[in-house]
Amino acid sequence: MRIGELARATGTTARALRHYEQAGLIGSGRAANGYRVYEESAVTRVRNIRSLLEAGFTLEDVRPFLGCLDQEAFGPPSAGALRIARDRLAVLERRIAAQAETRDRLAAAIAGAEAAAAATGAAPAPSG
C-alpha cells in the first residue's frame, strides 16, 4: 500500500509516517516509480505507535516496544517498558501539578481583584 493509503487507514498524515520511518519505527519498500510501499502489517504497527503517542509517550519512548507493535493487543510489558511508562507518567503528573498551581494562582488573583472592586464600589471589568 502507498503512503496515502496507509495514512487514511491509520488516521494519520503522510508527513507523520515519513517521520516514523525516519525514526526507525516503520519501514517501507520502493515501487518502480520510487513511491514508498508499505506492507499491510504496517497498519497495525502505526495504530499502535499512535496509541502510545496519544498516551503521552515520545517517539524515543516507543522504540523499546518495537517487538510488540505488530500485534493487535500488547502482551505483558517488559521491565524496560514499565520503566518508560512510569517515567512518562511522572512527567505528566508534574505537568498537571504545575498547571493546577497556575490555575489556583489565577483564580486567587481574580477573586482578590473582584473583592477589591467590590470594597471600593468600582464595577469589575467586563468578562469575555
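Just from its helices, what would the mean residue ellipticity at 222 nm be for the chain, if runs of 4 or more DSSP H residues each count -39500 (n - 2.57) and the sum is divided by every residue, rounded to the nearest 500 deg cm²/dmol?
-19500 deg cm²/dmol
Report the gain in length on full extension from GLU114 to ALA79: 0.36 nm times residue separation, minus Cα-Cα distance, nm rounded to one decimal.
7.4 nm
From the mean inverse distance of alpha carbon pairs (Kirkwood) and the Cα radius of gyration, derive Rg over Rh for the chain.
Here Rg/Rh amounts to 1.28.
Along the Cα→Cβ direction, 7 angstrom out, place labels at TYR35 and CYS68. What is the inter-label distance in nm?
Distance between the two pseudo-spin positions: 3.5 nm.
Have a look at ALA100, ALA111, ALA85 and tell me which one the Gaussian network model of the chain (Cα, springs below 10 Å) gives the largest fluctuation.
ALA111
Taking 0.36 nm per residue of separation and subtracting the Cα-Cα distance, what length does fully extending SER51 through ARG8 add?
13.9 nm
Applying 1/(1 + (r/R0)^6) with R0 = 22 Å to the Cβ-Cβ distance of HIS19 and VAL43, what FRET efficiency is obtained, to the nearest 0.05?
0.80
May I ask you to derive the relative contact order of the chain, considering only C-alpha pairs under 8 Å and at least 6 residues apart, and to give it as an integer percent?
Answer for the chain is 16 percent.
Counting only Cα, what are the radius of gyration and maximum Cα-Cα distance Dmax of the range 54-96, in Å?
Reported Rg and Dmax, both Å: 11.0, 32.
Taking 7 Å along the Cα-to-C-beta vector as the label spot, tell me the LEU106-ARG88 distance in nanometres, rounded to one decimal.
Calculated label separation equals 2.7 nm.
Only the coordinates and a few stated rules stand behind these numbers; no lab work does. None of these values were measured; they are calculated from a predicted model. In this analysis, Cβ positions are derived from the backbone assuming ideal geometry, glycine residues included, and neighbour counts consider all displayed protein chains.
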